[in-house]
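The values are calculated or read from the model by the stated rules, or taken from the named source; none is laboratory data. Note that the structure is predicted; figures quoted are calculated from it, not measured. Here the Cβ is made from the backbone with ideal geometry for all residues, glycine too, and neighbour counts use every protein chain on show. Quick note on the areas: whole protein, heavy atoms, side chains included, nothing else; ligands and nucleic acids left out. Shrake-Rupley method; radii C 1.70, N 1.55, O 1.52, S 1.80 Å.
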Amino acid sequence: MAVGAYRPGDSLYHRLDPRTKVIVVGCLALVCCLPHDGASWIGLTGLVLLQAYLSGSSRQTLLMVVAGTLPVAALSLSLQALMTPGTAVWPSLPALTWEGLEKGGELGLRFILLACLCQYFVYTTSPFRLCRAFEWFLAPLGWLGLPIRDLALVAGLSLKFVPVLSYEANRLMQAQSARGAYIDHGPWHKRLSGMLSILVPLLVRVFRYSDELSIAMEARGYSSRGPRTELYPLRFTALDMNALALLSVALVCWLTYPMALVR
């Protein structure tokens with residue numbers, strides 16, 4: 001399964017209202033950006049792993065997300081380790097400091113946790129319900145004359161086409177490799193020419209998909225103006241209320257934890 005693809009299921013996370021999931025993921029993402037100590041990092045990682053368990057995803061999906069984020073995490077670790085002043089790890093290499101390694105490790109862990117949060121949110125939410133959730137949250141901006149439905153549709157379609165483009169890119173890479181293109185081996189200039197042989201047909205397919213999508217929407221009479229009825233309206237259930245209550249308790253404990261440390 002491609003990273004970023006929706007997979008139908010009947011897990012607890014699948015049954016949550018998409019608006020509840022947006023609130024949960026937004027709050028956890030905000031907590032990820034706050035400073036933490038070792039115990040709070042362990043607790044936050046446990047919450048992300050709990051989200052993975054409740055979504056019913058496999059360990060392979062988790063490893064795919066972590067593996068895709070590791071290059072960015074490694075880059076942040078190396079830059080912070082070499083550019084942060086402090087105590088040198090080795091006297092012969094004063095640029096490499098313990099404080100830089102600590103900051104780089106925290107920044108890399110933030111990238112990994114945020115990627116996991118976004119993956120499990122998209123993994124358990126269909127693009128249609130995702131559009132409805134975005135439209136519900138952006139509804140107050142409609143008083144300013146903004147095209148709320150169009151913005152929600154663009155956001156939902158963008159997430160919908162991420163796994164499609166990933167699948168098409170993999171197909172093109174396999175096809176060009178079978179024809180002898182230098183994709184993952186050879187000198188850098190040959191690799192660059194090999195990547196161009198993938199980007200050009202991928203761009204052509206993107207325009208083709210967008211053209212077919214616009215024709216299909218026009219044939220079905222889609223319009224963002226005027227009132228519309230909903231086949232499956234969004235409703236908050238008892239499960240959503242319990243999830244929001246648990247999130248509130250966790251946030252209160254999280255905010256009072258630094259005060260308890262100071263005392």
Open item on the list: Please go through the stretch 1-55 and give me each residue that is of a type in the set (D, E, K, R) and modelled with pLDDT under 80, ordered by number.
Closed with: D37
TODO: Take the residues in the stretch 198-229 that are in contact (Cβ under 8 Å) with a residue 24 or more places away in the chain and either in a helix (DSSP H, G or I) or open to solvent by 100 Å² or more (accessible area, probe 1.4 Å) (or both), then tell me which one is nearest to D150 (Cα to Cα).
DONE: L213
Open item on the list: So G108 ticks every box in (1) open to solvent by less than 30 Å² (accessible area, probe 1.4 Å); (2) more than 25 Å from the chain's Cα centre (by Cα) but one. Which box is left unticked?
Closed with: (2)
Task: Sole exception among (1) touching a Cys at 6+ places or on another chain (Cβ under 9 Å); (2) surrounded by fewer than 16 Cβ atoms within 10 Å (Cβ to Cβ) for A52, by number - done: (2)
TODO: With respect to Y232, determine if the residue is in contact with a helix residue (DSSP H, G or I) (Cβ under 9 Å, 6 or more places away or on another chain), within 23 Å of F161 (Cβ to Cβ) and surrounded by 10 or more Cβ atoms within 10 Å (Cβ to Cβ).
DONE: no
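The rows are residues; the columns are (1) touching a Ser or Thr at 6+ places or on another chain (Cβ under 9 Å); (2) surrounded by fewer than 18 Cβ atoms within 10 Å (Cβ to Cβ); (3) at negative phi.
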{"position": "L44", "(1), (2), (3)": "no, no, yes"}
{"position": "G56", "(1), (2), (3)": "yes, yes, no"}
{"position": "R59", "(1), (2), (3)": "no, yes, yes"}
{"position": "V66", "(1), (2), (3)": "no, yes, yes"}
{"position": "P71", "(1), (2), (3)": "no, yes, yes"}
{"position": "L77", "(1), (2), (3)": "no, no, yes"}
{"position": "L82", "(1), (2), (3)": "yes, yes, yes"}
{"position": "K103", "(1), (2), (3)": "yes, no, yes"}
{"position": "R132", "(1), (2), (3)": "no, no, yes"}
